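Working notes, structure below.
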Protein chains: 2
Amino acid sequence: VPEFRRDALSGHTVIIAANRAARPNEFSQANSGARRSPCPFCAGQLRTPPAVARYCLPGAEGWQVRVVPNLYPALRRKDPFAWRGEGSMSSSPAHGVHEVVIESPRHLRSLAELTGEQAAIVFRAYRDRVRYFRDLEQIVFAMPFKNSGPAAGASLEHLHSQLVALPLVPRPVLDELQTFQSCSARHRPCPCCRMIEQELQGGERIVRVTDSFAVWCPYASRFPFETWIAPRDHAPAFEEIGDRGLSELGELMRDTVARLEGRGSVPAYNYLVRSAPFDISSQDHYHWHIEIIPRIAHAAGFEWGTTIHMNPTTPEHAAATLRGNV
Amino acid sequence: VPEFRRDALSGHTVIIAANRAARPNEFSQANSGARRSPCPFCAGQLRTPPAVARYCLPGAEGWQVRVVPNLYPALRRKDPFAWRGEGSMSSSPAHGVHEVVIESPRHLRSLAELTGEQAAIVFRAYRDRVRYFRDLEQIVFAMPFKNSGPAAGASLEHLHSQLVALPLVPRPVLDELQTFQSCSARHRPCPCCRMIEQELQGGERIVRVTDSFAVWCPYASRFPFETWIAPRDHAPAFEEIGDRGLSELGELMRDTVARLEGRGSVPAYNYLVRSAPFDISSQDHYHWHIEIIPRIAHAAGFEWGTTIHMNPTTPEHAAATLRGNV
């Protein structure tokens, strides 16, 4: 049974999930020369649990995107969230939801292989599931994320992403919330609105701008080619995105991943959708955004020990490269 | 010129160090089939800057351990530390010290290949350099750390580690300090002393115990086979370690790395020495320790987005394995 444990010195939370050791790893199989089994995510395999959501393209036959429970979940809804323990040992059942979004019926490897319309359906699935999670008891936060490529922690190559819903707000989100709330308390504009405005004025870290979104390499990039996408107008919660926003975002994500993967710049990456927690009354101050984290350099002892990342690629150089990678 | 930059949303600090892109990477050369140049760290090469410290074994000829400036420093003492900037963009020269500890004159790859006495000299070098950093203006924190193996971020295979001295206290240390100080304020025992006591009572996560030190896999391990080493008696600052402590620690580190690497369990790892900052009046509450982070699983989108690590290996299983890996 997966459980949350809390470290008594740093206060950090981990999930000890021995059940996940058993999950298949296509990439390590590939290394050993043999692919033993058909891809469980390809259409017709039915090697996944029944879908909790299913999307079709208008006029097309069969599904385009399926959302299924994770067969090796790090989080389960069965047991309630409740810390218990003595002394330096606190644990709780790892209450929550852990799902997989299968992003195409075909065995594609890159989001860049989808059309903008197909990519928009992936984000529609995120939106719908997050809206569903928002109403669940004990759930206070949700995050859609993708691991693309073995160096980014993916274990299967078929185009997919994941959804988690948690009974606690992760620390980086609490840190950001504090900034948003403190700006608001001092009657200052949203720091993300201000950041986007400043980036658009300067332009040297901008990758692309559309009607509703900006794509840029952040000033304090932790990773080479780190790229953020955010709505230009203030918007706290991703799941409030409308259908027009989804269309624009789908095309933009497809294009951004194509630029990142172009000329072999980024062989593996993670992205994650950062959105306001559900239970915070001041969530209106938040500004949702997507962080794309290319996995080129390995985080090393310095980064793990300090959380200060050493980045040898300036975001100005990264943005110029990505603007050219059309 | 390397610079600190601060992210306006999360508050995190990064070091943008374009100068580091030029550093040699033996491992990527190895991948492309050719090793172009002799190892710069081997005795007699003199392909490093002059040593800032040098240690010999009693009765032996030549050096055993050398400390040299990093040729591709992420931190430099030249420019003072001072945040400046406007709006969402704050930066400062990356003031600090960045050194390399060459741990053997021979081309060894593992700490387990050293004798306990030789390993103790490495930790003596850490101690002496940290004592030196402690007296530098603007420097408030130092951390010895090792990247072992390419998956841990090492770029050269010759046995070495690194030292950084910083003008700011990294966030994970601030988080821990807060725990230590709040326990003290409530007249409760040091949380690390308490943790060690509880681990010794239970025993299931203990790897080894000596007169002065305990080695264990922490209850809330973020990584498979994560291992901590700490003095059993309360001790805030690593650099106050005495000669007897160094001897015991050298042998213990050698043995612990041998256990981790035994049977191919851990192909790559980082370790870091966590010690009290220099400028905190309440630093007495801290309890120094060493964290060893094996690099078996890749941190993925969930970990980057939440800092909650999913760990498929229980620390109880890891400790039992390490106890057996003699």
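Only one of these is in contact with a Leu (Cβ under 9 Å, 6 or more places away or on another chain) and open to solvent by 30 Å² or more (accessible area, probe 1.4 Å): A:Glu137, A:Glu61, A:Glu117. Name it.
Answer to the selection: A:Glu117.
Could you tell me how many of the residues in the stretch A:72-87 are open to solvent by 10 Å² or more (accessible area, probe 1.4 Å) and either touching a residue at least 60 places away in the same chain (Cβ under 8 Å) or within 14 Å of chain B (Cβ to nearest Cβ) (or both)?
10
Answer yes if at least one residue in the stretch B:252-268 is in contact with a Leu (Cβ under 9 Å, 6 or more places away or on another chain) and of a type in the set (Ser, Thr, Tyr), and no otherwise.
Checking the stretch B:252-268: at least one residue is in contact with a Leu (Cβ under 9 Å, 6 or more places away or on another chain) and of a type in the set (Ser, Thr, Tyr).
Does the stretch B:120-133 hold any residues that are more than 18 Å from B:Leu252 (Cα to Cα) and either open to solvent by less than 10 Å² (accessible area, probe 1.4 Å) or more than 17 Å from the chain's Cα centre (by Cα) (or both), and which are they?
Of the stretch B:120-133, the ones more than 18 Å from B:Leu252 (Cα to Cα) are B:128-133.
Once the filter is applied, which keeps residues that are more than 18 Å from B:Leu252 (Cα to Cα) and either open to solvent by less than 10 Å² (accessible area, probe 1.4 Å) or more than 17 Å from the chain's Cα centre (by Cα) (or both), the stretch B:120-133 yields B:Val130, B:Tyr132, B:Phe133.
What's the total number of residues in the stretch B:280-301 that are under 22 Å from A:Pro172 (Cα atoms) and at pLDDT below 95?
Of the residues in the stretch B:280-301, 5 are under 22 Å from A:Pro172 (Cα atoms) and at pLDDT below 95.
So if I check each of B:Gly250, B:Gly245, which one is touching a Gly at 6+ places or on another chain (Cβ under 9 Å), surrounded by 19 or more Cβ atoms within 10 Å (Cβ to Cβ), at pLDDT 95 or above and farther than 23 Å from A:Phe4 by Cα? Working first, answer last.
Values: B:Gly245 fails: touching a Gly at 6+ places or on another chain (Cβ under 9 Å).
One residue alone meets the criteria, B:Gly250.
Restricting attention to the stretch A:1-23, and to residues there that are open to solvent by less than 10 Å² (accessible area, probe 1.4 Å) and more than 7 Å from every other protein chain (Cβ to nearest Cβ), which single residue is farthest from A:Thr306 (Cα to Cα)?
A:Pro2
It is to be established whether one or more residues within the stretch B:146-153 are under 23 Å from B:Gln45 (Cα atoms), polar (S, T, N, Q) and buried (at least 20 other Cβ atoms within 10 Å of the Cβ). Spell out the reasoning first.
Taking the stretch B:146-153 and keeping what is under 23 Å from B:Gln45 (Cα atoms), we get B:146-150.
Narrowing further to those that are polar (S, T, N, Q): B:147-148.
Pick out the ones that are also buried (at least 20 other Cβ atoms within 10 Å of the Cβ) and you get B:147-148.
Looking through the stretch B:146-153, at least one residue is under 23 Å from B:Gln45 (Cα atoms), polar (S, T, N, Q) and buried (at least 20 other Cβ atoms within 10 Å of the Cβ).
Looking at B:Ala230, B:Ala185, B:Ala220 in this structure, which one is touching a strand residue (DSSP E or B) at 6+ places or on another chain (Cβ under 6 Å) and more than 9 Å from chain A (Cβ to nearest Cβ)? Walk me through it before giving the result.
On the way: B:Ala185 fails: touching a strand residue (DSSP E or B) at 6+ places or on another chain (Cβ under 6 Å); B:Ala220 fails: more than 9 Å from chain A (Cβ to nearest Cβ).
Among B:Ala230, B:Ala185, B:Ala220, only B:Ala230 is touching a strand residue (DSSP E or B) at 6+ places or on another chain (Cβ under 6 Å) and more than 9 Å from chain A (Cβ to nearest Cβ).
Here is a list: B:Val173, B:Val169. Which entry is over 18 Å from B:Pro69 (Cβ atoms) and open to solvent by less than 20 Å² (accessible area, probe 1.4 Å)? Give the steps one after another, and end with the answer.
Working: B:Val169 fails: open to solvent by less than 20 Å² (accessible area, probe 1.4 Å).
So the residue among B:Val173, B:Val169 that is over 18 Å from B:Pro69 (Cβ atoms) and open to solvent by less than 20 Å² (accessible area, probe 1.4 Å) is B:Val173.
Residues A:Ala43, A:Ala94, A:Ala51: which one is small (Gly, Ala, Ser) and either in contact with a helix residue (DSSP H, G or I) (Cβ under 6 Å, 6 or more places away or on another chain) or buried (at least 17 other Cβ atoms within 10 Å of the Cβ) (or both)? Break it down stepwise before answering.
On the way: A:Ala43 fails: either in contact with a helix residue (DSSP H, G or I) (Cβ under 6 Å, 6 or more places away or on another chain) or buried (at least 17 other Cβ atoms within 10 Å of the Cβ) (or both); A:Ala51 fails: either in contact with a helix residue (DSSP H, G or I) (Cβ under 6 Å, 6 or more places away or on another chain) or buried (at least 17 other Cβ atoms within 10 Å of the Cβ) (or both).
Within the list A:Ala43, A:Ala94, A:Ala51, the selection yields A:Ala94.
For every residue, the table says whether it meets (1) without any contact (Cβ under 8 Å) to a residue 40 or more places away in the chain; (2) of a type in the set (S, T, N, Q); (3) open to solvent by less than 10 Å² (accessible area, probe 1.4 Å).
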site	(1), (2), (3)
A:Gln201	yes, yes, no
A:Ile206	no, no, no
A:Val209	yes, no, no
A:Phe213	yes, no, yes
A:Trp216	no, no, yes
A:Tyr219	no, no, no
A:Trp228	no, no, yes
A:Arg232	yes, no, no
A:Ala235	no, no, no
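What do you reckon, is B:Pro144 within 12 Å of chain A (Cβ to nearest Cβ) and touching a His at 6+ places or on another chain (Cβ under 8 Å)? Don't jump to the end; show me each part of the working.
Numbers: within 12 Å of chain A (Cβ to nearest Cβ): yes; touching a His at 6+ places or on another chain (Cβ under 8 Å): no.
No: the conditions fail for B:Pro144.
For a quick check of your reading: which helices (runs of 4 or more DSSP H) sit entirely within the stretch B:240-326 and have at least 3 residues that are within 14 Å of chain A (Cβ to nearest Cβ) and touching a Phe, Trp or Tyr at 6+ places or on another chain (Cβ under 8 Å)? Even if it seems obvious, please write down each step before you answer.
Details: elements: B:243-261, B:301-306, B:315-324.
Correct list: B:301-306, B:315-324.
Where in the stretch A:59-158 are the strands (runs of 3 or more DSSP E), entirely inside, with at least 2 residues that are modelled with pLDDT of 95 or more and among the small types (Gly, Ala, Ser)? Walk me through how you get there before you give the answer.
Details: elements: A:65-69, A:84-86, A:89-93, A:97-102, A:141-148.
Here the list reads A:89-93, A:141-148.
Got a sec? Which of A:Gly149, A:Gly153, A:Gly116 is within 14 Å of another protein chain (Cβ to nearest Cβ), more than 13 Å from the chain's Cα centre (by Cα) and of a type outside the set (A, V, I, L, M)? First the steps, then the outcome.
On the way: A:Gly153 fails: more than 13 Å from the chain's Cα centre (by Cα); A:Gly116 fails: within 14 Å of another protein chain (Cβ to nearest Cβ).
None of the others qualify; the one that does is A:Gly149.
Return the total of residues in the stretch A:168-224 being under 27 Å from A:Ala299 (Cβ atoms) and among the small types (Gly, Ala, Ser).
Summing the residues that are under 27 Å from A:Ala299 (Cβ atoms) and among the small types (Gly, Ala, Ser) in the stretch A:168-224 gives 3.
Within the stretch B:169-182, can you find the residues that are at the interface with chain A (Cβ under 9 Å from one of its Cβ atoms), in contact (Cβ under 8 Å) with a residue 12 or more places away in the chain and more than 17 Å from the chain's Cα centre (by Cα)?
Result: B:Thr179, B:Phe180.
The values are calculated or read from the model by the stated rules, or taken from the named source; none is laboratory data. Please read these numbers as outputs of a predicted model, since none were measured by experiment. FYI the Cβ positions are ideal-geometry reconstructions off the backbone, even for glycines, and counts take in every protein chain you see. With ligands, DNA and RNA removed, areas are computed over all heavy atoms of the protein, side chains included. Shrake-Rupley method; radii C 1.70, N 1.55, O 1.52, S 1.80 Å.
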